[in-house]
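Chemist: Below is one structure. I have some questions about it.
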Amino acid sequence: PVEDFVDASINTDDGKTYDFKYRLRFVEDRKALAGSERGVRVYAHKRLAAASSLLNANTNMHGFRMTDYLDGVVIADFIDDQPNDYVATDRQSLRWDSPLLSPLYDFLSTEIKDACYARQAARDGEKEDEVKSDEFTKNLIGSAELSSPEKKVAYKMATAISSLEKQGTATDRYKTQLKEVVKGLSQGDLF
């Protein structure tokens, strides 16, 4: 939920500990956020300190598409409590490479990656359930002359195809592609 935050802290090289709160959540599938809204926003004393950013989330990681749905907030008042200024004048970015903020940057980057992996795994399970309960898919695979191992492959392929479609099994493209996969499996041409 929007109001639920996790308490956390970082340790800097000079042995100091700084407390902050954060939350990461994913909006509904098929309701991707605008590019400028993806990632985490950082606030210090109820003022924006850094606009949404994916920080160091690697674009090659499995589940990276999940960042399209990632909404995060960090409340780190300690940033404004320092004698040095770590917030850009326009309050859109931070001096992440500083000794104070580098541990926070690393922590949040790891949390984003872990959250994306976890959400992708959950989404894969949801897609598998969606495919197995879809009438078109069940009828198509059930009526095809496929062995039991081929049916398992057909369902895995259906799940993969469905995950590429924003509207899952409901699209004509999904149905067309799945028909071709099942046809190929039943004729031995796919392998």
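Chemist: How do the pairs read when you match residues in the stretch 30-44 that are farther than 24 Å from I79 by Cβ with residues anywhere that are in a loop (DSSP other than H, G, I, E, B) and open to solvent by less than 50 Å² (accessible area, probe 1.4 Å), using Cβ under 6 Å and keeping only pairs 6 or more apart or on different chains?
Modeler: none
Chemist: If we keep just the residues of the stretch 133-167 that are among the β-branched types (V, I, T) and in contact (Cβ under 8 Å) with a residue 24 or more places away in the chain, which is surrounded by the most Cβ atoms within 10 Å (Cβ to Cβ)? Spell out the reasoning first.
Modeler: Step one: filter the stretch 133-167 for residues among the β-branched types (V, I, T), giving 137, 141, 153, 159, 161.
Imposing the further condition that a residue be in contact (Cβ under 8 Å) with a residue 24 or more places away in the chain reduces the set to 137, 141, 153, 159.
Working: T137: 23, I141: 25, V153: 17, T159: 21.
By that ranking, first place goes to I141.
Chemist: For the stretch 1-20, which positions are open to solvent by less than 100 Å² (accessible area, probe 1.4 Å) and part of a strand (DSSP E or B)? Explain how you work it out, then say what you get.
Modeler: Just the residues of the stretch 1-20 that are open to solvent by less than 100 Å² (accessible area, probe 1.4 Å), to begin with: 2, 4-6, 8-10, 12, 15, 17-18, 20.
Those that are open to solvent by less than 100 Å² (accessible area, probe 1.4 Å) and part of a strand (DSSP E or B): V6, A8, S9, I10, T17, Y18, F20.
Chemist: Sort out which residues of the stretch 168-191 are in a helix (DSSP H, G or I) and open to solvent by 50 Å² or more (accessible area, probe 1.4 Å), and write them in order of number. Working first, answer last.
Modeler: Within the stretch 168-191, the first condition is being in a helix (DSSP H, G or I), and the residues that meet it are 168-170, 172-187.
Those that are in a helix (DSSP H, G or I) and open to solvent by 50 Å² or more (accessible area, probe 1.4 Å): A170, D172, R173, K175, T176, Q177, K179, E180, K183, S186, Q187.
Chemist: Consider E130 against the criteria (1) surrounded by 13 or more Cβ atoms within 10 Å (Cβ to Cβ); (2) under 23 Å from G188 (Cβ atoms); (3) without any contact (Cβ under 8 Å) to a residue 40 or more places away in the chain: it satisfies all of them except one. Which criterion is unmet?
Modeler: (2)
Chemist: Of these, R91, R23, R38, which one is open to solvent by less than 70 Å² (accessible area, probe 1.4 Å), at pLDDT 95 or above and either of a type in the set (K, R) or in contact with a Gly (Cβ under 7 Å, 6 or more places away or on another chain) (or both)?
Modeler: R23
Chemist: Moving on. Testing D77 on (1) closer than 30 Å to V181 by Cβ; (2) without any contact (Cβ under 8 Å) to a residue 60 or more places away in the chain, one condition comes back false. Which one is that?
Modeler: Going through (1) closer than 30 Å to V181 by Cβ; (2) without any contact (Cβ under 8 Å) to a residue 60 or more places away in the chain one by one, D77 breaks only (1).
The values are calculated or read from the model by the stated rules, or taken from the named source; none is laboratory data. Only a predicted model underlies this, so the values are computations on that prediction, with no experimental measurement involved. Every residue, glycine as well, gets a Cβ built from its backbone with ideal geometry; the counts of neighbours run over all protein chains shown. When the accessible area is computed, the model is the full protein with side chains, heavy atoms only, and any ligands, DNA or RNA have been set aside. Shrake-Rupley method; radii C 1.70, N 1.55, O 1.52, S 1.80 Å.
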